[in-house]
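Notes to accompany the following structure.
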Amino acid sequence: MDGLPAWADVIIVGAGPTGLVLACELQRRNVDYLLLDREEYCVTSSRALGVQARSIEIFEDLGVVEEALANGVQMHGERLFVDGAVAVDWDFDKCDSPYAYPLILEQSETERILFTRLLELGGKDCIKRPVEVKKIHIGRLPDEGVSVMVEALPGTKEVDDDQVETHVPPEEFVPPSKTIRGRYIVGCDGARSIVRKACGIPFPGSTLPNEFIVADVRIKWGVPNEVNKFNLMSANGRMICCLPLTKNRWRLITIRRTGVSDGEIVLDPSYYTKAPTREELQTLVQKVVPGSLIDEVLWGSCYSINSRCAAAFKHHNAFIAGDAAHIHPPLGHQGMNVGIQDAHNLGWKLALVVNGGAMSSLLDTYDQERRPVGESIVYYTSVGYKELIEAKGWVKWSMKNVLPMVFSINAVNRALSHSMSMTSIRYPPSLDETLVGRSHIPGAIQPGQRAPDAYLGMINEKRGTEFVRLHQLLATPHSSLLLLVRVPMTGESEQKGFIGWLGEMLGAHQARKDPGVARALESAVHLSADVSRRTGVPSRSPHTGTRLLLIFTAGKASIVPSVTRRKDGMEGGSLLHMLQNVHQHFARSIGLSREDLLIAWDVDGEVVKNYKLATQLDPFDHSGAFVSIRPDGYVSHHGLMDDHEATDSYIAALDKLF
Ligand SMILES: Cc1cc2nc3c(=O)[nH]c(=O)nc-3n(C[C@H](O)[C@H](O)[C@H](O)COP(=O)(O)OP(=O)(O)OC[C@H]3O[C@@H](n4cnc5c(N)ncnc54)[C@H](O)[C@@H]3O)c2cc1C
C-alpha cells in the first residue's frame, strides 16, 4: 500500500473503457488523479464490440484512432434475414464524420489501446491495480471532498529495494487497507457501482426477462453471410445477431429462454449462470439458420439484461459514468459508447475546475448534458426489445413486409444511421448560457451540436502547403475559437486563384477597397484578445486555454496555388510573407506565440457548407463569423463578427465561468 498516495484531486474507481478514457483526459491536462481497479489487468474477452462514429472521433482526439482502425472491422450496413431469406439489406447513410461507419473492435482491444495510450501520456504512476474500493464517504460541503477506504488485493505489485516488481502470493496476503482523500470521485465502476450506492442515487428500471448469451465462434454459415455488415437472423421465434470479428471469427448474441413455451426448458437454475456450450449454440443456430455448423467456441458468457438509468449523475463531489449510470439492451451497439462519451464530457470540465480556475458550477453541466442522453438511449433500446427478439406474429410480418419499405426511405435511413452513429447528439442551452449559448445565427450549426469536420489548407513554413482536417486541429486539450473571414470572389479573382487574390486583399490598399474584410479581421483581433485574456492561450495555459484558428474562405471550392519548398526558399513566398504579417498583427495586438494562432483556408468551402453559414456570411455585408468549440468537440457559442449581442453574450459566458 506504500505506493498509494494519501491524496488525489480526482479519484476514478474502475478502469474499464469509461475509466480509461477519463484517465487519458485528465492525464493530458496534467490533473492529479488516481485510477483504481480491483482487477489486475484489462479484460481479455471481446464483450462490447460496436464503436460508433462519434466514439471513433473521440479516439482521434485521444490519438488512438489509427490503432483502433487497424484492429477493427468497418461495418457498412445491416442485414435482416427472416426465415432464411434477406428481408432488409440496409446500407448505412453516411453521416458527416470522417469515420462514417461503426467499427467492430473487441473490448479487450479497446481497453488495451486506451491503457497503452494512458501509459504513453505518462499515467503509469496514477494507475493502481488490483486495489478494491471498499467504502466511500462523500462530504456534503464542497470543500469537504471525498474519502475512500481501499484494500490491496493479492497480486498487488510491490517494489523491492532493487526496484523489481514482485507479486504477493495469495497465501501470504493480508489485505492492507488505506484511506485516500480527494476533491472529487468518479464512479466508472460498472453496473453494480459502489460509488452510485454510496451516493444513494436510485437506479430505477427493470431487469428484462431472459438472459443474453454471447459467444465468439468459428462457424460455417448455412446462408451467405457478409463480413462488413451486422447480420440479424430471425426464424422460428428466435433471433440471433451475428457480428464478424477479425481472424475468421463470429460473435453470436441471442437469448437463453427462461420461459416454458417451447422445448428449450431448462430446469436447473444454475444453468443460467453457465457460459453456452457448443451443443447449446449449435442447437440454437440450427433452428435459425439451418445447415450452419459451429466448428469451435472460443469464448462464451451469459448476462442478464437490465434497462436502468440513474436518477442523477452527480451528487455533491461525486459523479457516475458509463455502466454505473446507465445499462440497457445491446440494440444498436450503443452501450460502451455512451460511457466513453460520458468520460469525454466530464474530463475537460474536471480539469478546468481543478487546474484552470473555472467555477465549480461548470461540473453541474455534466448531469444536465449527459443524463438526458443516457435516459433516451435506455428508453429507445428497451422499447419493443422483447417483441423484436422473439420476432413472432405481427412483428415477424412487419419485418418481412414493412421494414424493407421503411428502410428504403432516404429520410428514415438518414435519421436512423445518424442517430446510431451518435453524431447527432445535441446538448441543450445551459441554464445561464455559460457552456452552451443561444443561437445567434439562424439556420447555422447551433450551440450544443457537435462541431462538423472540414478540409483545410495551411502553410507550413518548412514544408509548404499542407492539407488537414479541422478535427485533426481540434484534437488538443484546448477549446478552439474559429474566426471565419469571407473574402469576395469576382471573375478576375477566380482566375488568379483564391490565395493570390487573398494576398492582394490583405494588402493595405485592397483592404481599404474592401472594408468588409478589413473590418472582419479587426473584429477577429478584438474578439481573440477578449477571449485569450479570460481563458488563456495554449502557450500560457498548456493544459487548458483557447486556441485561435483564423480561416479565410471563399464560401466555395477555390483554386489554390501551392507554396512549395525549394532550395532557394519558398515558391509562393509572398503569400507566406503575407500570412506571417497577419500572424504578427495578431501577435502584436494580443501577445501570442506561434502555437496560439493557426491560419488556414477553407479549401473546398466545406467550413461554410458544413457549418451552414452560406446564406449568412456575405462578403459585402457580414464578412466574419466566430464559432467557439469546446474541448469535447461541441459548439458552445457562435455569431456574426459584427453582431455585438452575440460577442457580448459569449464574453459574458466566459466571465461567469472564470
Ligand atoms: C460478458 C459481457 C458481454 C458484454 N457484451 C456486450 C456487447 O456485446 N455489446 C455491448 O455494447 N456491451 C456489452 N457488454 C457491456 C459492456 O462490456 C459495458 O457496457 C462496458 O464494459 C461498460 O464500460 P464501463 O467502463 O462503464 O464499465 P466496466 O467495463 O464494467 O468497468 C468497470 C470496472 O470497475 C471495476 N470495479 C468495479 N467495482 C470496483 C471496486 N469496488 N473497486 C475497484 N474497482 C472496481 C471493475 O473491475 C471494472 O474493471 C458486455 C458485458 C459483459 C460482462
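Based on DSSP H segments of at least four residues, each scored -39500 (n - 2.57), the chain has a per-residue ellipticity at 222 nm of -10000 deg cm²/dmol. Charged neighbours of D32, selected by a Cβ distance under 15 Å, balance to +3 (K, R count +1; D, E count -1). Between G190 and D323, A324, the built amide H atoms are under 5 Å apart, and every one of these is 5 or more places off in sequence or on another chain. In order along region 536-550, the Karplus-derived 3J(HN,Hα) couplings, from 6.51 cos²θ - 1.76 cosθ + 1.60 at θ = phi - 60°, round to x, 10, x, 5, 9, 10, x, 9, 9, x, 10, 9, 9, 9, 8 Hz, and Gly and Pro are given as x.
Mind pulling the angle between the C-alpha long axis of helix 410-421 and the longest principal axis of the chain? Nearest 10 degrees, somewhere in 0 to 90. Tilt of helix 410-421: around 80 degrees. For L598, the residues 5 or more places off, or on other chains, whose built amide H falls under 5 Å of its own are L548, L549, L550. In the complete set of protein chains, residue-level accessible area for R117 is approximately 60 Å², probe 1.4 angstrom.
With the highest mean first, a sort of the peptides 411-418, 4-11 on other beta-carbon atoms found within 10 angstrom per residue produces 4-11, 411-418. Counting only alpha carbon atoms, the long axis of helix 107-120 and the longest principal axis of the chain meet at about 50°. Averaging the sequence gap over all C-alpha pairs within less than 8 Å and six or more residues apart, then dividing by the number of residues, gives the chain a relative contact order of 15 percent.
In order along region 629-634, phi translates into HN-Hα couplings of 10, 6, x, 8, x, 10 Hz, rounded to whole numbers, per the Karplus curve 6.51 cos²θ - 1.76 cosθ + 1.60 with θ = phi - 60° and x for Gly and Pro. Accessible surface for the chain, divided over its residues, is 42 Å² per residue with a 1.4 Å probe. The fraction of Cα-Cα pairs per 20 angstrom bin, counted from 0 for the chain, comes to 17, 45, 31, 7, 0 percent, rounded to whole percents. Here the accessible area of the chain is 53 percent carbon and sulfur, with a 1.4 angstrom probe and all protein chains present.
Counting lysine pairs in region 313-410 that sit 8 or more residues apart in sequence, or on different chains, and whose Cα atoms lie under 29 Å apart gives 4. Only Cα pairs under 8 Å and 6+ residues apart enter the sum, and on that basis the relative contact order of region 12-109 stands at 33 percent.
Most simply put, the chain has about 70% antiparallel DSSP beta bridges, counting only bridges with both residues inside it.
Relative to the longest principal axis of the Cα atoms of the chain, the long axis of helix 644-657 makes an angle of roughly 50 degrees. Here the Karplus relation 6.51 cos²θ - 1.76 cosθ + 1.60, evaluated at θ = phi - 60°, turns the backbone of region 591-597 into coupling constants of x, 10, 9, 4, 6, 7, 10 Hz, with x for every Gly and Pro.
The values are calculated or read from the model by the stated rules, or taken from the named source; none is laboratory data. All values derive from a computational prediction rather than experimental measurement. Please note: Cβ atoms are built from the backbone with ideal geometry, for glycine as well, and neighbour counts cover all protein chains shown. What goes into the accessible areas is simple: the full protein's heavy atoms, side chains included, and nothing from ligands, DNA or RNA. Shrake-Rupley method; radii C 1.70, N 1.55, O 1.52, S 1.80 Å.
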